[in-house]
Amino acid sequence: MAPVDKQLVVFDFDWSMADQDTDRWIFEVLAPDLRRKMKTLKDEVQWTDLVAQSLREAHARGIKREQIENALRIMPFHPAMARGVDNLKKTGRTTFLCLSNSNSVFISTILEDKKLTHIFDEVITNPAEWKDELLSLRRRVDPAGTQHTCSVGCSPNMCKGEELDAFLARAGKEFDRVVYVGDGSNDFCPILHMREQDLVLCRSHRGLSSRIAKEGKAKGLKPTIQYWAGAWEVEEIFATL
């Protein structure tokens, strides 16, 4: 693809920018029994609430902030992805947005470690904060407040399609091209909001690729779809934007 003057790159975080899932990884590293419990309960408890509950259980058994931060720092994150986003940012033509079902502390801890805090104009995710040694996490869409109206299957804590539309309205400018980098089934909603001149970089053999194959045509999906497996391929594509 040829470079354009004004471009927006939207990143999911888990398995898209990073090479693992933050929510699951920290428990696999620090408390595998809690990770097993999450797997058992995932169909009964809303996912963000389940992660928050698991963080409280980890805190109750003495798992410290430093241990969680260290687990995030060693989580797989490909150097090619770091290079790719940094080089594209340096061209000065691209705005970056993060749209993730992880949380603000997990993402900021990793971005700081990888020296990538300058990349994103906004990180839209579930809010979290340290309260002494406990990481307190809550849904972006408060269960007690007005709920989003997504009918495509976004989880209750956030509709990525609505969030993308709201960001584009806030940005106050028209982007010549929007590029969406994602992997999961919850990335299907926002790509339905994209135009023909836009580009989706879909990670192969995960939830998003499955939904594109099954529902894309029927739902009128418009952007070009390009598949990738490794971060080096995203770096390669970014070099052409």
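Structure notes:
- Residue within segment 79-87 that is more than 18 Å from the chain's Cα centre (by Cα) and at pLDDT below 95 present: no
- Scope segment 115-139; condition open to solvent by less than 90 Å² (accessible area, probe 1.4 Å) and in a strand (DSSP E or B); matching residues: GLU122, VAL123, ILE124, THR125, ASN126, ALA128, GLU129, TRP130, LEU134, LEU135, SER136, LEU137
- GLU162 vs. criteria under 17 Å from HIS193 (Cα atoms), in contact (Cβ under 8 Å) with a residue 12 or more places away in the chain and part of a helix (DSSP H, G or I): yes
- When SER204 is tested against (1) surrounded by fewer than 16 Cβ atoms within 10 Å (Cβ to Cβ); (2) closer than 22 Å to HIS148 by Cα; (3) not acidic (Asp, Glu), only condition (2) is not met.
- Taking the listed residues GLU57, GLU44, the one that is in a helix (DSSP H, G or I), over 18 Å from the mean Cα position of the chain (by Cα) and surrounded by fewer than 18 Cβ atoms within 10 Å (Cβ to Cβ) is GLU57, with no other qualifying.
- Test: residue in segment 95-111 that is within 18 Å of TRP47 (Cα to Cα) and free of Cβ contacts under 8 Å to residues at least 60 places away in the same chain: yes
- Selection from segment 155-167 of residues that are surrounded by 17 or more Cβ atoms within 10 Å (Cβ to Cβ) and in contact with a strand residue (DSSP E or B) (Cβ under 9 Å, 6 or more places away or on another chain): SER155, ASN157, MET158, LYS160, GLU163, LEU164, PHE167
- PRO32 vs. criteria at pLDDT 95 or above, surrounded by fewer than 18 Cβ atoms within 10 Å (Cβ to Cβ), touching an Asp or Glu at 6+ places or on another chain (Cβ under 8 Å) and not basic (Lys, Arg): no
- Residue match in segment 176-184 (condition: at pLDDT 95 or above, buried (at least 17 other Cβ atoms within 10 Å of the Cβ) and touching a Gly at 6+ places or on another chain (Cβ under 8 Å)): yes
The values are calculated or read from the model by the stated rules, or taken from the named source; none is laboratory data. In this text, all values refer to a predicted model and were calculated from it rather than measured experimentally. Neighbour counts run over all protein chains shown; Cβ positions are idealised from the backbone, glycine included. Ligands, DNA and RNA are stripped out before the accessible areas are found, and what is left, the full protein with its side chains, is counted by its heavy atoms. Shrake-Rupley method; radii C 1.70, N 1.55, O 1.52, S 1.80 Å.
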